[in-house]
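K.L.:
Dropping the structure in here first, questions after.
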Amino acid sequence: MLTVVYDSKTGLGKKFAKKLPYPRQKVKKELEGPCLLVTRNEGLGKVSKKTKKFLKKHSAQVQGVVVNGNRKYGKYFCGSGDRINKKYGLPILRKMEGEGDAEDVKAVLAALRDLGFEAPAEQPQA
């Protein structure tokens with residue numbers, strides 16, 4: 001079973017994770033099995049310390065990355081995703097504004113299906 005792992009400083013990543021019909025957990029917790037990483041920028045397009053630490057230990061389990069950001073930062077918008085992709089070769093499934101919207105959810109679920117992960121029948125509890 002796929003787990004959504006999120007790194008959320010302001011709560012936006014957590015809100016997006018809750019929109020997906022998979023079990024979810026904070027990036028700091030131990031992980032068993034494959035995951036989708038929902039992360040954010042730290043400063044101008046940098047990877048947060050929590051996400052860096054998680055990736056050092058669990059990058060082989062990450063099936064894809066979703067990054068949330070703010071378009072007002074221009075070229076740095078979701079830049080952490082580009083850095084993660086360059087360093088670890090992990091696919092960026094979606095770059096989104098804030099907590100994401102219905103189109104972002106739809107796109108991520110489609111990308112996960114393409115990777116062989118069907119959504120569970122029931123939404124897990126928070």
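Any read-out appearing in this document is the output of simple, stated calculations on the displayed coordinates, not a laboratory observation. Just so you know, these numbers come straight off a predicted model, no measurement behind them. Please note: Cβ atoms are built from the backbone with ideal geometry, for glycine as well, and neighbour counts cover all protein chains shown.
K.L.:
So, with +1 on the Cβ of K and R and -1 on the Cβ of D and E, and no other charges, what is the size of the charge dipole of the stretch 3-114 about its Cα centre, to the nearest 20 debye?
P.N.:
540
K.L.:
Pull out the extension gain between E118 and K9, defined as 0.36 nm times the separation in residues minus the alpha carbon to alpha carbon distance; nm, one decimal.
P.N.:
Difference between extended and current length: 36.4 nm.
K.L.:
Take the eigenvalues of the Cα gyration tensor for the stretch 3-114, scale each by 5, and report the square roots as semi-axes in whole Å, largest first.
P.N.:
Ellipsoid half-lengths, sorted descending, are 18, 17, 13 Å.
K.L.:
The stretch 2-69 to the stretch 101-116: how many Å between their Cα centroids?
P.N.:
Rounded to whole Å, the Cα centres lie 16 Å apart.
K.L.:
As a test, work out the antiparallel percent of DSSP beta bridges whose residues both lie in the chain, rounded to the nearest 5.
P.N.:
If we restrict to bridges inside the chain, about 10 percent are antiparallel.
K.L.:
While we're on this one: Towards the positive end of the charge dipole of the chain, with charges on Cβ (+1 Lys, Arg; -1 Asp, Glu), say which of V27, V66, G43 has the farthest Cα.
P.N.:
Most positive-ward Cα: G43.
K.L.:
Please check which bits of the stretch 31-57 a label hung off R83 would reach, taking the label as a point 7 Å along Cα-to-C-beta and the cut-off as backbone N under 15 Å.
P.N.:
Output list for this probe position: 39-56.
K.L.:
Taking 8 Å as the Cα distance limit and 6 or more residues as the minimum spacing, I'd like the relative contact order of the chain as a percentage.
P.N.:
This gives 26 percent for the chain.
K.L.:
Counting other Cβ atoms within 10 Å of each Cβ, which GluC sites (Glu not before Pro) in the stretch 10-68 have at most 15 and sit in a DSSP loop?
P.N.:
Here the GluC sites (Glu not before Pro) that fit, given the DSSP loop and packing criteria, are E30, E32.
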